[in-house]
Amino acid sequence: MFDNEILKYTINEMKDKVDKCQCSVSQSRKYELNLDNGEISLLRTTINNTYHVIVINDNKKGSISINKTDKKTVDEALTSVIEICENSEKDEAFDIASVQDKKAFIIGDNEPDLDKMYDLLAQYVKDIKSIYPTIKLMDTAISFTLTTRFIMNSNDVDFKETKGIYDFSSVFAAKEGTKSSSFNYSGYYLRKLENNLLSYGSLKQVLDETIGQIETKGIEGKFNGDVIFTPDCLSSIISNYVNTYLTDISLMSGTSLLKDKLNEQVASPKLTLHAAPRSEKIANGYHITNDGFEAKNMTIIDKGILKSYALSQYGANKTGLERSNNMGGCYILEPGEQDLKDMIKSIEKGVLVNRVSGGHPNENGDLSVVLKNSYYIEDGEIKYPLNETMIALNLKEAFNNIIEISKENVDFGSHIFPYVKIKDVLVSGK
């Protein structure tokens, strides 16, 4: 049974055995249409069930996840989680969510529109063949996932979230004769299927660019120049920044360069960044954090001033800082005042970065990555698509070196990003 009855049973079973108990159960049903060699080939439905229990006793913690909820399996899991708890290290920071009002949340539809999914995917294949004859579609799928999640705990937390979201993603490359571009991709989330698939996110822009990326060139040597990160690339840059400086591990270990920087200027005044899982602008949001709190929107950086970390309850207890309103993601970076074309015109020497590969920042935020599907800019013009080119930057310095943000932005359903121009980035060629 995948409903809150198993959670009530769990709380009741644990009430005399541990100090605190928190449990959740979720079921996701995914309906997916796939392409094979550019043709619609497969409709499949998959189901994923998860039952998760956390217990805390004498400042020790145990947790376990299983994918069955029959009584025998649950009873075995509860016995195991108590054993895990007994053998864990004590930590006074362990806790569960405090009491909150009982609530149920709904996002999107309860059932997929399968006919619409098929019609839109068929039209996408037709459009690609007629508008982009050199594009070869690779992994491409449209899906609808309905997820129902319950969470309860011994502090009387009782939440339910039902979310039905469409997801479209397409991987492709351009090919002419024996030559081809590197693969490229785009995708997005939607609550409703209303328009042609080419009309959402950055898909059309990315396809337009890919057909011109069969012939690429490298650059010689190194230079420090201006770099424009596209909305498609910003997700990894923003996530790396938040994870490196603002989350539990870096703040608990004391390695974050932004430790003790709340309400201080840490980035360009042009930058305002929100984590907004409850925003109606974000299709694939969420209402409940993983540690059992009702999620709220929050501003992380306001005009360059750090306003919030991204701390869980455990991270907050360990650091003495305030727990964050949500668990991050669903980022909205506010647009600026410049047209993208004017941002490019003002560049003497630089690159337009569409995608990066490899490389994870160290604890200081130093990052080196290979550019993919990106362009060389000189004297205010995009000259040619690049190969064998890298950039190196420090994330903290880069956020201080933001000099322009575009008026244009792209809604991916999970994030909304403009184009961001950063000065003085090291670009390396052959």
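Structure above, values below:
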| read-out | value |
| --- | --- |
| Estimated distance in nm for a label pair at GLU194 and VAL99, the labels positioned 7 Å out from Cα along Cα-to-Cβ | 4.2 |
| Straight-distance crosslink candidates among lysines, where the alpha carbon sits under 23 Å from LYS15 and sequence neighbours closer than 8 are dropped | LYS60, LYS61, LYS68, LYS71, LYS72, LYS90, LYS102, LYS103, LYS160 |
| Under Karplus coefficients 6.51, -1.76 and 1.60, residue-wise ³J(HN,Hα) of the range 261-270 in Hz, glycine/proline x | 10, 4, 6, 10, 6, 10, 8, 4, x, 6 |
| By average C-beta atoms within 10 angstrom, highest first, the peptides 318-330, 271-283 | 271-283, 318-330 |
| Radius of gyration, Dmax [the range 184-318; alpha carbons; angstrom] | 18.8, 54 |
| Accessible area in square angstrom per residue, the chain, 1.4 angstrom probe | 46 |
| Cα gyration tensor of the range 234-380 - equivalent ellipsoid semi-axes, whole Å, descending | 30, 18, 15 |
| Protection proxy ranking of 182-193, 82-93 - average other beta-carbon atoms within 10 Å, highest first | 182-193, 82-93 |
| Principal axis dimensions, largest first and in whole angstrom, of the range 23-78 by Cα | 58, 24, 13 |
| Rounded Å value of the spacing that divides the Cα centres of the range 89-149 and the range 308-346 | 23 |
| Within-13-Å neighbourhood charge of ASP36 [Cβ basis; K, R +1; D, E -1] | -1 |
| Residues whose placed amide H lies under 5 Å from that of CYS330, excluding near-sequence neighbours | none |
| Distance between the range 187-252 and the range 3-18 - C-alpha centres, whole angstrom | 44 |
| For the chain, calculated [θ]222 nm from helices alone, where every DSSP H run of n ≥ 4 adds -39500 (n - 2.57) | -6500 deg cm²/dmol |
| Equivalent ellipsoid, the range 315-394 (semi-axes from 5 times Cα gyration tensor eigenvalues, Å) | 33, 19, 11 |
| From phi via Karplus (6.51, -1.76, 1.60), per-residue ³J(HN,Hα) for the range 29-39 in Hz, x at Gly/Pro | 10, 10, 9, 10, 10, 10, 9, 10, 6, x, 10 |
| Whole-Hz couplings from phi, Karplus 6.51/-1.76/1.60, listed for the range 135-146; x for Gly and Pro | 7, 10, 6, 10, 5, 9, 7, 10, 9, 10, 10, 9 |
| Rounded if a/c under 1.5, otherwise prolate or oblate - the range 73-130, Cα gyration tensor axes | prolate |
| Exceeding the 30 Å Cα-Cα cut-off - candidates LYS318/LYS421; LYS222/LYS303; LYS179/LYS349 | LYS318/LYS421; LYS222/LYS303 |
| Sequence-distant residues sharing a close amide H with TYR384 (under 5 Å, placed H) | TYR376 |
| Built amide H within the under 5 Å cut-off of ILE347, gap 5+ | GLY380 |
| Net +/- balance of residues flanking LYS129 in space, Cβ distance below 11 Å, scoring K and R +1, D and E -1 | 0 |
| Gyration tensor (alpha-carbon) shape descriptor, the chain, a/c threshold 1.5 | oblate |
| The range 1-114 - Rg over Rh from alpha carbon coordinates, Kirkwood radius | 1.12 |
| Spatial extent of the range 138-260: Rg and Dmax, with the Cα atoms as the point set, Å | 21.1, 65 |
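The values are calculated or read from the model by the stated rules, or taken from the named source; none is laboratory data. All values derive from a computational prediction rather than experimental measurement. Glycine gets a Cβ as well: all are built from the backbone with ideal geometry, and neighbour counts include every protein chain shown. To get the accessible areas, we keep the full protein, side chains included, count just its heavy atoms, and leave off ligands, DNA and RNA. Shrake-Rupley method; radii C 1.70, N 1.55, O 1.52, S 1.80 Å.
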